[in-house]
Amino acid sequence: MAIKLNDRFLGGFVGEHELSAMDDAVKAAHSKLWNKTGLGNDFLGWVDLPVDYDKDEFVRIKAAAEKIKKSCDVLIVIGIGGSYLGARAAIEFCKSPYYNNLKKDTPDIYFAGCNISAQATEELLSICEGKDVCLNVISKSGTTTEPAIAFRIFRDMLVKKYGPDCIKDRVFITTDRKKGTLKAFADEMGCETFVVPDDCGGRYSVLTAVGLLPIAVAGISIDDMMAGAAAAREAFKDCDLANNDCLKYAAYRNILHNKGKKTEILVDYEPCMTMMNEWWKQLYGESEGKDNKGLFPASVVFTTDLHSLGQYIQEGERLMFETILSIKDTGSTVVVPNDEANVDGLNFLTGKTLEFINSMAYKGAAVAHNDGGVPAMVLELDTRTAYDFGYMVYFFEMACGISGYILGVNPFNQPGVEAYKKNMFALLGKPGYEDAKAALEARISE
Ligand code: PA5
C-alpha cells in the first residue's frame with residue numbers, strides 16, 4: 001500500500017459517526033464513477049487507464065524518449081494546465097526540483113507555453129543558444145493561445161538553427177487522435193504524434209502520452225508509474241468506506257467543508273512536492289469549483305511556509321483544514337554535524353538525520369495547528385519512486401471524482417476557463433470579436 005490515510009489529527013473535529021453517516025453518499029458516488037452513470041461520464045477514460053492503455057503507443061513513447069535523449073541537450077515541453085503540470089510534477093517528485101542541474105545522461109527539460117511572459121520566453125531562448133534542442137508540443141485542442149504562441153516562437157528558433165527540414169526530427173506532437181490544427185501540422189510536416197485520449201480531460205491526463213513522454217525523457221520508469229497507478233486502481237475498487245482510504249479522504253474533506261472549512265491546504269515537507277501541489281490544485285480547483293460551490297485548494301511547503309503562512313494558519317480566520325502529505329522514506333541520510341563550540345546551541349541535534357528533524361517539525365506543527373482549530377488528515381506515502389507517483393496520482397484523481405459527485409458538481413468539465421479567453425481575444429482584436437472589444441474597452445478605459 002503506497003498511501004495510508006492517518007486521521008489522528010482529526011480527533012475532536014470529526015466524529016466516527018459522521019464518517020459512517022457519509023457511507024450512502026460515498027457508495028452512490030463510487031457507483032456512479034465505476035459504472036460510468038454520473039455527470040461527465042464521457043470523461044472517465046482515466047479510471048481504467050492504468051490497465052487499459054494503448055500498449056503500442058507506450059512502446060513508441062519509450063522509443064521517442066530514447067531518440068530525444070540522443071538528439072538534444074534541451075527538451076522544451078510546450079503546454080499549459082493539464083498539458084504540462086503532471087509531467088513537471090513527476091520530474092520534480094521522482095528526480096528533483098533541481099533536475100536540470102543534476103549530473104545526468106538525460107536532456108535538461110524546460111516548460112514553455114504555460115504563460116505569455118516575454119521575459120521567461122526570452123530567457124528560455126537564450127538557454128537554447130549553442131545547445132541541441134527538441135520540442136514536445138502538447139495541446140489537446142491544438143488552439144490554446146499560450147502554447148500556440150510558444151510553438152511559433154520555438155519552431156522559428158529551430159528553423160533558424162537547423163533549417164526547415166528539422167521539424168520532422170525535432171518536434172514531437174501530443175494532441176487529438178484525428179482532429180485539430182496541431183494534428184494537421186504534424187501530418188503535413190511528418191512529425192511523430194502521440195494521442196490525448198478523447199475521454200481524458202487535461203487534468204486527468206498525466207498517465208497518457210501527455211505526461212509519459214517528457215517523464216520518460218527524464219529517465220523515469222513509466223512502467224513502474226503505470227504499475228503504481230494499477231495497484232491504486234485495484235485498491236480503490238472496493239466501495240467499503242472502512243477499507244478504502246481514497247474514499248475516506250473524499251468523505252472527510254466533504255464533512256469538513258460542510259462544517260465551514262472552505263479551504264483545503266495541501267501541506268508537504270519536501271520541496272520535490274512543489275509542482276505536485278500545483279498539479280493537485282488544478283485537479284481539485286477545476287473539478288470542484290463551479291456552480292458557486294467547491295473547496296478552495298491551497299498549498300504550502302513546510303517548514304519554509306511555516307515562516308510565512310504559518311501565522312495565518314495558526315491564528316487567522318478559521319476557514320481551513322490541512323491535508324498533510326508525509327513521505328516516510330525520502331532516501332536521504334544527511335545528518336547534522338557536531339560543532340565543538342556549539343555556537344548555535346544545537347548540539348542536541350548532532351547525528352540526527354534531517355529526515356527525522358523534519359518529521360518532528362511535521363508532528364509539532366500538526367499539533368500546534370490542531371490547538372489553533374485546524375483539523376488535519378495525514379496521507380502517508382512510503383517513498384518517492386515512480387511507483388509511488390503513479391499510485392498518488394490515481395489516489396487523488398479517484399478521490400476528486402468521488403468528492404465532486406458528493407458535492408453535486410460535474411467534476412469533469414471546466415466551463416469557467418473560457419471567460420477570460422473571450423475577453424483576451426476581443427482585446428487583442430481577433431476577427432469576430434469586434435462588438436465585445438468595444439464594450440470591454442469602455443470598461444477598462446480610465
Ligand atoms: O484540464 C484541462 O482541460 C485544461 O487545463 C487544459 O489541459 C488546458 O487548458 C490546455 O488545453 P489544451 O491541451 O487543449 O491546450
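The values are calculated or read from the model by the stated rules, or taken from the named source; none is laboratory data. What you are looking at is a predicted structure, and each value in this text was computed from that prediction instead of being measured. When we count neighbours, we look across all protein chains shown, and the Cβ atoms used for this are built from the backbone with ideal geometry, even at glycine. Just so you know, the surface numbers come from the protein's heavy atoms only, side chains and all, with ligands and any DNA or RNA stripped out. Shrake-Rupley method; radii C 1.70, N 1.55, O 1.52, S 1.80 Å.
A compact table of results
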{"item": "Rg in Å to one decimal, and Dmax rounded to a whole Å, for the chain via C-alpha atoms", "result": "23.1, 75"}
{"item": "Residue-level accessible surface for K421, protein heavy atoms, 1.4 Å, Å²", "result": "50 Å²"}
{"item": "With DNA, RNA and ligands ignored, accessible area of Y162 (1.4 Å probe; Å², nearest 10)", "result": "70 Å²"}
{"item": "Gyration tensor verdict on segment 359-446 (Cα atoms; rounded if a/c is under 1.5, prolate if a/b is larger than b/c, oblate otherwise)", "result": "prolate"}
{"item": "At most 10 other Cβ within 10 Å, DSSP loop - GluC sites (Glu not before Pro), segment 298-369", "result": "E317, E340"}
{"item": "Förster-model FRET efficiency, 30 Å R0, A368 and E340, C-beta, rounded to 0.05", "result": "0.35"}
{"item": "Segments 66-74, 24-32, 373-381, 87-95 sorted - mean Cβ within 10 Å per residue, highest first", "result": "87-95, 373-381, 24-32, 66-74"}
{"item": "On Cα atoms only, tilt of 386-407 relative to the major axis of the chain in degrees", "result": "80 degrees"}
{"item": "Using alpha-carbon coordinates, inclination of helix 418-428 to the longest axis of the chain, degrees", "result": "40 degrees"}
{"item": "Radius 10 Å from Cβ of H30, net charge of other residues (Lys, Arg +1; Asp, Glu -1)", "result": "+1"}
{"item": "Relative contact order [Cα under 8 Å, 6+ residues apart], the chain, whole percent", "result": "23 percent"}
{"item": "Net +/- balance of residues flanking A231 in space, Cβ distance below 12 Å, scoring K and R +1, D and E -1", "result": "-2"}
{"item": "Residue-averaged 222 nm ellipticity for the chain, from DSSP H runs of 4+ at -39500 (n - 2.57), nearest 500", "result": "-14500 deg cm²/dmol"}
{"item": "Those aspartates and glutamates that a straight Cα-Cα span of less than 15 Å connects to K328, excepting residues fewer than 8 apart in one chain", "result": "D268, E270, E355, E380, D382, D388"}
{"item": "Rounded tilt (10° steps) of 85-94 against the dominant C-alpha axis of the chain", "result": "60 degrees"}
{"item": "Area projected by the alpha carbon convex hull of segment 47-220, averaged over all directions, nm²", "result": "9.3 nm²"}
{"item": "Cα-based reach from K179 at 17 Å (exclusive), listing lysines while leaving out same-chain residues under 8 positions away", "result": "K140"}
{"item": "Equivalent ellipsoid semi-axes, segment 183-223, via Cα gyration tensor eigenvalues times 5, rooted, Å", "result": "21, 16, 6"}
{"item": "Hz values of 3J(HN,Hα) by residue in segment 211-220 - Karplus curve (6.51, -1.76, 1.60), Gly and Pro given as x", "result": "x, 5, 5, x, 5, 5, 4, 6, x, 9"}
{"item": "For segment 144-157, Karplus couplings with θ = phi - 60° (6.51, -1.76, 1.60), whole Hz, Gly/Pro x", "result": "5, 4, 4, x, 5, 5, 4, 4, 4, 5, 6, 5, 4, 4"}
{"item": "Rounded if a/c under 1.5, otherwise prolate or oblate - segment 1-107, Cα gyration tensor axes", "result": "oblate"}
{"item": "Shape of segment 379-426, Cα gyration tensor, a/c cut at 1.5", "result": "oblate"}
{"item": "Share antiparallel - DSSP beta bridges, the chain, percent rounded to 5", "result": "10 percent"}
{"item": "Under 26 Å from the Cα of K70 - lysines, other chains or at least 8 residues apart", "result": "K55, K62, K95, K103, K104, K131, K160, K161, K168, K183"}
